[in-house]
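Q: Just passing along the structure, written as structure tokens.
A short reminder: the numbers here are calculations on the coordinates, not readings from a lab. None of the values given here were measured: they were computed from a predicted structure. FYI the Cβ positions are ideal-geometry reconstructions off the backbone, even for glycines, and counts take in every protein chain you see.
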Amino acid sequence: MPQITFPRADKTLIVLGIKFSAIAVATIALFHADLLILFSDALQSETTSYVLVLPVLFAYLLYRKRKMLKAVAPLENRDQPKNLRLVPLVAGILLAVTAILLYWYGSYTFTPIEYHMFALPTFAAGLTLILFNQQTMRQLAFPIVFLFFLMPPPSEILYGLGSTLSTVSSEASNAVVNAFGINSTITSEFGNPTIELIRPDASTMSFTVDITCSGIYSLISFTIFAVFIAYLIRDKLWKKLVLVAVGLPLIYLLNIVRITIILALGYHVGEEFALQIFHMLGGWILIFAGTVILLAISATIFHTRIFAKARERCVHCSQQPKHEKNFCPSCGKILNPQSARINKTDVAKIAIITISLGLLISIQAPVFALTQAQPIVVVSTPSGDQVSTQILPQISNYSLYFLYRDTVFEAKAKQDMSLVYLYTSDNQSKEPVWVVIEIASTRSSLHRWEVCLVTWPLTHGYQPRVAQIDLEDMKLYANPPLIGRYFAFNYTATNQTQAVLYWYETSTFTINSTSQQKHVKISLIAYPEDVASLANVKDQLAFVADKIVGYWQPIKAWSQITMIVSQNGASLALSTTSALIAITVFYAFETRGYRKANGNAYRKLSKLNKEIVDAVQETEKNAIPTLEAITTAYQRTTGKALDRNRLLEKLSAIETTNIIKRYVANSQDEPVQAWKTSILIK
């Protein structure tokens with residue numbers, strides 16, 4: 001049978017595909033539960049809908065880097081000193097281990113997804129350094145950093161910024177319509193600014209500018225697009241930064257224009273038509289319009305471009321369809337990139353990653369505590385829905401009652417169910433304990449108590465109706481660890497004290513004979529007579545919580561090693577981060593030492609070789625040091641002509657001293673052969 005051989009480019013693509021697949025599979029396998037929660041929320045919640053476009057943008061970033069990756073990925077670091085060759089590998093291992101430690105530590109906190117999404121790009125960066133080289137990591141730096149946008153924005157920042165934007169948007173839009181003769185005033189409804197219009201027929205129209213209408217979600221999404229566009233434009237760094245700075249107020253201005261249009265339509269046509277237009281001019285329409293305008297500003301004012309400028313035809317390249325050299329001596333374009341191959345070391349690395357991943361998954365901590373919930377039986381009666389109490393345990397010396405199902409709150413919060421139960425104690429000294437079970441398909445529909453009662457009013461310029469007494473996290477279950485949050489407060493108007501202990505779980509419910517996983521928030525609520533009795537109430541809530549958590553049957557216990565690592569994850573991650581910083585400092589110190597030694601060697605070079613090194617150094621200041629550019633710089637600085645072939649011979653000879661090094665430079669995402677100096681002269 002004849003042997004099948006692949007062209008060099010095909011072999012490189014296969015090798016790169018294997019390595020990149022190893023990174024992608026390992027990352028998705030480790031973070032699949034978080035990604036499933038994140039993208040499920042994005043499909044149903046405007047807060048994180050921007051997550052849906054991140055994979056597309058990330059894929060385009062990789063596609064744009066394809067030629068550079070094919071050129072740099074096969075390179076080896078044999079020109080590095082022996083004591084520095086393993087530094088990238090060790091740094092990659094430390095990054096990956098740090099990411100895993102952060103992941104486990106995050107699973108032991110009240111906000112695991114935030115920690116997990118911070119760990120994801122860190123883990124991907126570590127694997128990239130393990131399987132590839134520094135040059136590949138440099139090319140993939142921005143795409144990997146771009147993955148940090150997967151982190152959900154903190155609720156406190158979201159409400160704070162959204163409140164400010166709501167106020168400014170309503171005042172600006174109100175001022176504009178007043179200037180056009182429309183009679184309108186600003187009032188407040190539930191802390192949100194509301195614009196009241198008096199239409200020509202004397203009827204009124206109210207338009208509340210809440211966080212949804214403030215443009216905060218569009219601003220978050222557009223920030224991602226603005227950063228993406230700024231990175232893609234082919235120009236100087238300051239223009240990229242200015243473009244982002246221009247883009248952020250642009251999308252906010254467009255949101256003000258949108259609200260103004262809605263008000264004008266409501267005044268002249270009617271409220272129903274205006275609201276239809278409002279939904280048509282939704283966030284993604286704003287983002288699209290803002291992106292088009294930003295591209296127009298980039299092209300007309302800053303004279304930038306996204307797509308590569310057509311390269312001038314190189315006579316040398318076009319006249320020689322078959323090239324024996326690796327690069328064109330005229331334009332520097334790499335014609336025959338080094339062929340990538342899978343060696344024994346790569347096979348060993350992939351095998352170790354696979355084995356380690358299997359071990360990690362086998363002891364992996366879930367994002368939220370997994371439980372098997374008891375069935376919920378709902379029976380419709382003339383007096384309303386009657387819900388069984390089987391979902392909660394019967395507790396000794398307590399009586400359990402179902403009170404009601406809050407369908408109004410369900411619709412407002414976009415939840416599947418919101419059920420309210422009551423435990424009453426036979427002991428008169430014990431407080432009644434209300435249990436609120438909120439069930440939803442997305443995590444974003446289950447809001448935090450302290451955010452709703454304290455953060456939200458403050459961010460809207462109002463004093464909260466409650467005064468915080470205590471706020472702390474409590475461990476409710478040992479293994480798997482389940483972290484709850486205890487929140488005690490006073491109502492300022494009535495001086496009534498309330499204590500809440502709540503937590504989140506991911507539970508499996510049987511719905512229409514099929515098992516479905518849902519997100520659940522369970523809140524235990526008590527109303528002590530005074531602040532002095534809070535300590536007893538806190539213990540009582542912890543007791544009831546312990547019974548409920550045990551009754552909901554945790555499905556998967558953590559291994560002992562997972563428990564130990566999670567509990568000490570922060571300290572361990574700090575240790576590996578310190579080691580990473582130490583090895584980076586060592587690398588920089590050693591590199592400086594070698595550059596200094598090269599500086600001494602430079603002084604011993606012949607006059608011609610010194611002039612060539614000086615020409616390379618001079619070229620580095622203003623352009624990519626290709627062979628042609630160095631030749632031009634040499635002629636300009638010395639006044640002497642030097643043949644390119646002769647110059648290439650001299651550069652190759654000087655390379656053996658490590659005073660200069662060849663590298664693959666990026667010219668509009670096209671790989672070109674270049675040289676750089678590695679000397680330090682005092």
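Q: Rounded, prolate or oblate for region 69-123? Axes are the square roots of the Cα gyration tensor eigenvalues, ordered a ≥ b ≥ c, and the cut-off for rounded is a/c under 1.5.
A: Note, shape of region 69-123 comes out oblate.
Q: So which lysines can Lys538 reach, going by Cα to Cα under 26 Å and dropping same-chain residues fewer than 8 places off?
A: Lys430, Lys475, Lys521, Lys547
Q: Once you list every other residue whose beta carbon is under 12 Å from the beta carbon of Thr677, what net charge do they have if Lys and Arg are +1 and Asp and Glu are -1?
A: Counting the neighbours of Thr677, the net charge comes to +2.
Q: Given a Förster radius of 45 Å and the C-beta distance between Glu649 and His303 as r, what FRET efficiency does 1/(1 + (r/R0)^6) yield to the nearest 0.05?
A: Once rounded, the FRET efficiency stands at 0.65.
Q: OK, next. Quick check: pseudo-label points 7 Å beyond the Cα along Cα→Cβ at Ser429 and Ala532, how many nm apart are they?
A: The modelled label-to-label distance comes out at 1.4 nm.
Q: Between their Cα atoms, which of Lys236/Lys596; Lys19/Lys239; Lys236/Lys676; Lys82/Lys596; Lys19/Lys621 are more than 26 Å away from each other?
A: Lys236/Lys596; Lys19/Lys239; Lys19/Lys621
Q: Residues in region 644-665, backbone N under 16 Å from the label point at Leu605 (7 Å along the Cα-to-beta-carbon vector): list them, ranges by number please.
A: Residues 646-663 fall inside that zone.
Q: If you average 1/r across every pair of different Cα atoms in region 579-635 and take the reciprocal, what Kirkwood value do you get, in Å?
A: One over the average 1/r among Cα pairs gives 13.1 Å for region 579-635.
Q: List, in order, the whole-Hz ³J(HN,Hα) value for each residue of region 410-423 obtained from phi through the Karplus relation with A = 6.51, B = -1.76, C = 1.60 and θ = phi - 60°; use x for Gly and Pro.
A: 4, 5, 5, 8, 6, 10, 6, 8, 9, 10, 10, 10, 9, 9
Q: Could you give the Stokes-Einstein D for region 569-677 in µm² per second, using the C-alpha Kirkwood radius, 25 °C, 0.890 mPa s?
A: For the chosen part, D equals 155 µm²/s.
Q: Let me ask another. Run the simple label-point estimate for Ile28 and Phe180 please: 7 Å along Cα→C-beta, distance reported in nm.
A: 4.8
Q: What's the ranking of 481-487, 55-61 by average number of surrounding C-beta atoms within 10 Å, highest first?
A: Most protected by this proxy first, the peptides run 481-487, 55-61.
Q: Further question on the same structure: Taking neighbour Cβ counts within 10 Å as the exposure measure, how do Phe409, Phe327, Phe222 sort from fewest upward?
A: Going from least to most buried by this count: Phe409, Phe327, Phe222.
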